[in-house]
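The values are calculated or read from the model by the stated rules, or taken from the named source; none is laboratory data. None of the values given here were measured: they were computed from a predicted structure. With ideal geometry, Cβ positions are generated from the backbone for all residues, glycine too; neighbour counts draw on all protein chains shown.
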Amino acid sequence: MSVVALSLVRLLQLASPALPVGAYSYSQGLEWMIASRGICDAAAAQRWLADMLEHVVAACDAPVVLRLLDASRARRAATFVAWNAWYRASRESRELRAETELMGAACLRLAQDLRILDADAGALAHEAEPITFPGAFSLAAHAMGIPDGDALAGYIMSWLENQVLVVMKTLPLGQAAGQRLLYVLSARIPDIVARARMLGDDDVASFAPGLAFASSRHETQYSRMFRS
């Protein structure tokens, strides 16, 4: 198997919904938006997810993941620790912070179980504790030999796929409609990766009051399928 093909296979494994990190357990406030009738059909779900991609993923998650990937590759501990901490601090609700910490710990354990982390990567993870999911994902992606741009695209696609699954389970939405959402929204990912490469450190921002509000309300939602 060629190096390129192997890195693609590793990316598919790392970005798979079957990765045992618990991503499927969380809705990031989307369940509350549906329960409150803020989202009631596929068109409204597409608008919400498009806004999330534009104002949350493109402005915050993608550039942070790219910086963590770069720091993982260059073994710049101070940079890795700083951006891991920045991302953790940007989680505006208890639910969102618990999500990234628990998924980060699960991803790190998986990487350790696979024995793909060297001593330097292990030291980075230890210094960054509690490690976020972007931090652990970045360490695993580097250890698997996945190029940074491909790893970031896979990270975003994994997030998007889990969000579409929330919509499909909660609205509910049919399989074909869910695939249409994925097909349309995933076309934005290459542009988001390119923008993340161009964004300066001072321009990385986390300002999504709608997401914070929805997540906070979901924490106390009486009946829910997803974890808070």
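Residue by residue, here is whether (1) hydroxyl-bearing (Ser, Thr, Tyr); (2) surrounded by fewer than 22 Cβ atoms within 10 Å (Cβ to Cβ) holds:
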site: 135; (1), (2): no, no
site: 150; (1), (2): no, yes
site: 156; (1), (2): no, no
site: 167; (1), (2): no, no
site: 177; (1), (2): no, yes
site: 184; (1), (2): no, yes
site: 194; (1), (2): no, yes
site: 200; (1), (2): no, yes
site: 206; (1), (2): yes, yes
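Screening residue 203 with (1) at pLDDT 95 or above; (2) closer than 22 Å to residue 40 by Cβ gives one miss only, at (2). Just one of the listed residues (116, 131) is within 16 Å of the chain's Cα centre (by Cα), among the β-branched types (Val, Ile, Thr) and at pLDDT 95 or above, and it is 131.
Tell me, please, whether a residue that is farther than 16 Å from residue 126 by Cβ and either outside any helix (DSSP H, G or I) or of a type in the set (Phe, Trp, Tyr) (or both) can be found in the stretch 93-111. Looking for residues that are farther than 16 Å from residue 126 by Cβ and either outside any helix (DSSP H, G or I) or of a type in the set (Phe, Trp, Tyr) (or both), one finds at least one in the stretch 93-111, hence yes. Could we say that residue 8 is more than 17 Å from residue 100 (Cα to Cα), surrounded by 14 or more Cβ atoms within 10 Å (Cβ to Cβ) and in contact with a Leu (Cβ under 6 Å, 6 or more places away or on another chain) here? In short, no. The single residue among 124, 110, 114 that is more than 30 Å from residue 217 (Cα to Cα), touching a Pro at 6+ places or on another chain (Cβ under 9 Å) and aliphatic (A, V, I, L, M) turns out to be 110. When 4, 21 are checked against the criterion of being in a loop (DSSP other than H, G, I, E, B), under 30 Å from residue 120 (Cα atoms), at pLDDT below 95 and β-branched (Val, Ile, Thr), 21 stands alone in meeting it. Within the stretch 86-102, the set of residues being without any contact (Cβ under 8 Å) to a residue 40 or more places away in the chain and buried (at least 22 other Cβ atoms within 10 Å of the Cβ) comprises 100 only. Would you be able to say whether some residue in the stretch 70-83 is crowded, with 21+ Cβ neighbours inside 10 Å, within 14 Å of the chain's Cα centre (by Cα) and part of a helix (DSSP H, G or I)? Among the residues of the stretch 70-83, not one is crowded, with 21+ Cβ neighbours inside 10 Å, within 14 Å of the chain's Cα centre (by Cα) and part of a helix (DSSP H, G or I), which makes the answer no. Residue 59 falls short on exactly one of the conditions (1) aliphatic (A, V, I, L, M); (2) under 23 Å from residue 173 (Cα atoms); (3) in contact (Cβ under 8 Å) with a residue 24 or more places away in the chain, and that condition is (2).
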